[in-house]
Amino acid sequence: MLMAMLLGPLLAILLAPQAPECAWRQLMGLPCPGCGLGHALAALGQGDLLQSCSAYPPLPVLVLLWALSLHLLIKGSNRFLPWAAGVVALVVMGNWTLKLAA
């Protein structure tokens, strides 16, 4: 799990610029729950924090939760992970709801 938490975001940052257009948006004509996250990770990988937050506004919250979860996992505690996963789900779905309402 530790390796997945370390390598997952790194791979996303590296592969985001080459990612194809969102299949969900192509099929449904609507933004997906993670719409903008690939662009945000690509901008973050290039060091552009403002563009990153513009592409996916809740990214700072997700990065903070990821860093805290990773820190606690390294310390040997995984009690926080279910709570963090719930918060991530709420943040992503809340952002999606706002995008759909706009």
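The residues of the stretch 53-82 that are modelled with pLDDT under 85, in a loop (DSSP other than H, G, I, E, B) and either in contact with a Leu (Cβ under 8 Å, 6 or more places away or on another chain) or not hydroxyl-bearing (S, T, Y) (or both), listed by number, are G76, N78, R79.
Does V88 meet the test of being within 12 Å of the chain's Cα centre (by Cα), within 18 Å of W24 (Cα to Cα), assigned to a helix (DSSP H, G or I) and among the β-branched types (V, I, T)?
no
The numbered conditions (1) assigned to a helix (DSSP H, G or I); (2) more than 22 Å from R25 (Cα to Cα); (3) at pLDDT below 85; (4) not aliphatic (A, V, I, L, M) are all true for G38 except (2).
Scanning the stretch 41-64 for residues that are touching a residue at least 24 places away in the same chain (Cβ under 8 Å) and within 20 Å of A89 (Cβ to Cβ) returns L41, Y56, P57, P58, V61, L62. Among the residues making up the stretch 35-60, a single one is of a type in the set (S, T, N, Q) and surrounded by 17 or more Cβ atoms within 10 Å (Cβ to Cβ): S52. If I filter the stretch 25-34 for residues that are assigned to a helix (DSSP H, G or I) and either in contact (Cβ under 8 Å) with a residue 12 or more places away in the chain or surrounded by 12 or more Cβ atoms within 10 Å (Cβ to Cβ) (or both), do I get at least one hit? The answer is yes; a qualifying residue exists.
The values are calculated or read from the model by the stated rules, or taken from the named source; none is laboratory data. Predicted, not measured: the structure shown is a model, and the values here were computed from it. Cβ atoms come from the backbone with ideal geometry, glycine included; neighbour counts cover every protein chain shown.
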